[in-house]
Amino acid sequence: MNLHEYQSKQLFQKYDIAIPAGLTVATPDAAAAACRTLGGGRWVVKAQIHAGGRGKAGGVVLVDDPEQAATAARRLLGGRLISHQSGPAGLPVESLLIEQPTAIARELYLSTLVDRESRQVIFMASHAGGMDIEAVAAAAPEQILMIRVHPAVGLQPFQVRRLGFGLGLDAGQRKALGRLMGGLYRLFMECDASLVEINPLVVTTTGDLVALDAKINLDDNALLRHPELAALRDPGQEDPREAAARAHELSYISLDGNIGCMVNGAGLAMATMDLVKLHGGAPANFLDVGGGATAARVAAAFTLILSDPKVRAVLVNIFGGIVRCDLIAQGIVAAVQEVGVAVPVVVRLEGTNAPQGLKLLADSGLRVQTARTLDEAADLAVAAATN
Ligand code: GDP
Ligand code: MN
């Protein structure tokens, strides 16, 4: 689950990571009022969406009059902001962060994440702040500094010094970096984050370190331990299909292809996607209906897949172990009758009550192709999607 910049910065404050003074608003009048409350003569108006690249997309505006802040707010609020990270449809702007401006001397990059390879928490830093770290990694990987934190000993002062020297910080700034990284590490561990990114981490003209931007990604599987963090979820920023899937307790992830996949079991879903790829197709989604799938759940899953306009064919691959294939077939028939289906459906049912399930599908009069093997099913689905 992603947090908004303003939510991330509130957490930063709790962990003593310096941020600019700011207020979050949702109307143009409140934007102007926030400028007056913050004081000074210049402000930064920042659109709050779950994506970076806002600066280049016109979502970060410097103003020198509260009325200009209101004008920027009128332009941004209620619209969608399209950045290179937001996807082509953009994301809705429902709130703005109004901040006092920071006098920037240097823009650095600092993040904390889980490195799956070493199975440790790592810090990544670069003096090329403000840029996408992916671009830095591609063009100049030697400019990315990395340290791994051993879980038993935690972050060590020598590691902080190594990053501090690497970033060209002076003695006072290295000390500040130590405090900041300590806070970042505690935040990361205590909140069960999977990514905390500060881009840019700014060295101000007075030599202080300030987090100008903030991005936090929390581990969904740990949210049950953090009801106060779970409450920060903003469904408006999330893929509506993924949100609907969560409501039905389905594991669903949107992908770019055109073959909708409905599978029971995460491993089988991965194998199904592999076979679709092998046959030259591309899955539109990952969907695990779970081991104990009911007819109602299958119907919900089917509706979800068909609500995706990219889908040109549906591939159902069910192995009846715990679940009975005839129940799955009932779910498919119910869903297809309910939502109507304009695309070909290929079904492979195997396991408990598979013959009964296949008979139910055959008797339903629906345009459903059945396959004996997964290989054959993937082949049929790819052919159906390309025709
Ligand atoms: P992002 O584009 O979504 O990553 O949004 P950021 O919060 O990183 O802002 C983008 C860029 O706007 C930063 O890299 C800065 O160059 C600039 N910016 C943001 N806040 C300030 C500020 O207070 N003062 C100045 N001078 N520039 C700012
Ligand atoms: Mn940024």
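A few comments on the model shown:
- From the list Arg42, Arg54, Arg116, the one residue that fits, being away from ligand 2 (no atom under 16 Å from the Cβ), within 30 Å of Ala140 (Cβ to Cβ) and either among the basic types (Lys, Arg) or touching a Cys at 6+ places or on another chain (Cβ under 8 Å) (or both), is Arg116.
- Given (1) in contact (Cβ under 8 Å) with a residue 60 or more places away in the chain; (2) more than 30 Å from Gly154 (Cα to Cα), index of the condition Gly129 fails: (2)
- In the set Pro101, Pro141, Pro88, Pro92, only one residue is at pLDDT 95 or above and open to solvent by 30 Å² or more (accessible area, probe 1.4 Å); that residue is Pro101.
- Qualifying positions in the range 185-209 - aliphatic (A, V, I, L, M), within 25 Å of the chain's Cα centre (by Cα) and either away from ligand 2 (no atom under 16 Å from the Cβ) or open to solvent by 10 Å² or more (accessible area, probe 1.4 Å) (or both): Leu187, Met189, Ala193, Leu195
- Pairs meeting the criteria (first residue in the range 192-209 and farther than 15 Å from His127 by Cα, second residue of a type in the set (D, E, K, R) and within 9 Å of ligand 1 (Cβ to nearest atom), beta carbons under 8 Å, at least 6 apart or on different chains) are Leu195/Lys215; Val196/Lys215.
- Just one of the numbered conditions (1) more than 16 Å from ligand 2 (Cβ to nearest atom); (2) assigned by TED's automatic domain parsing to the domain that holds Glu190; (3) not in a loop (DSSP other than H, G, I, E, B) is not true of Arg75: (2).
- Checking each residue in the range 104-115 for being within 9 Å of ligand 1 (Cβ to nearest atom) and surrounded by 16 or more Cβ atoms within 10 Å (Cβ to Cβ) picks out only Glu107.
- Filtered by the rule that a residue be assigned to a strand (DSSP E or B) and of a type in the set (A, V, I, L, M), the range 2-61 gives Leu23, Val25, Val44, Val45, Ala47, Val60, Val61.
- Residue in the range 39-59 that is nearest to the chain's Cα centre (by Cα), counting only those that are more than 13 Å from Gln85 (Cβ to Cβ) and surrounded by fewer than 18 Cβ atoms within 10 Å (Cβ to Cβ): Gly58
- Looking at the range 296-386, the helices (runs of 4 or more DSSP H) lying wholly inside it that each contain 3 or more residues that are under 22 Å from Ala247 (Cα atoms) and assigned by TED's automatic domain parsing to the domain that holds Gly257 sit at 325-339.
- Within the range 26-44, residues that are assigned by TED's automatic domain parsing to the domain that holds Ala72 reach partners that are part of a helix (DSSP H, G or I) and β-branched (Val, Ile, Thr) with beta carbons closer than 8 Å, at six or more positions or on different chains, in the pairs Pro28/Thr71.
- Counted residues, the range 144-179 - those being free of Cβ contacts under 8 Å to residues at least 40 places away in the same chain and open to solvent by 70 Å² or more (accessible area, probe 1.4 Å): 13
- Within the range 260-293, being out of contact with any strand residue (DSSP E or B) (no Cβ under 6 Å at 6 or more places or on another chain), open to solvent by 20 Å² or more (accessible area, probe 1.4 Å) and free of Cβ contacts under 8 Å to residues at least 40 places away in the same chain holds for Gly267, Met270, Asp274, Lys277, Ala282, Gly291, Gly292.
- Qualifying residue in the range 242-258 (condition: out of contact with any Cys (no Cβ under 8 Å at 6 or more places or on another chain) and within 16 Å of ligand 1 (Cβ to nearest atom)): no
The values are calculated or read from the model by the stated rules, or taken from the named source; none is laboratory data. If you're wondering where the values come from, they're calculated on a predicted model, not measured in any experiment. Glycine gets a Cβ as well: all are built from the backbone with ideal geometry, and neighbour counts include every protein chain shown. To get the accessible areas, we keep the full protein, side chains included, count just its heavy atoms, and leave off ligands, DNA and RNA. Shrake-Rupley method; radii C 1.70, N 1.55, O 1.52, S 1.80 Å.
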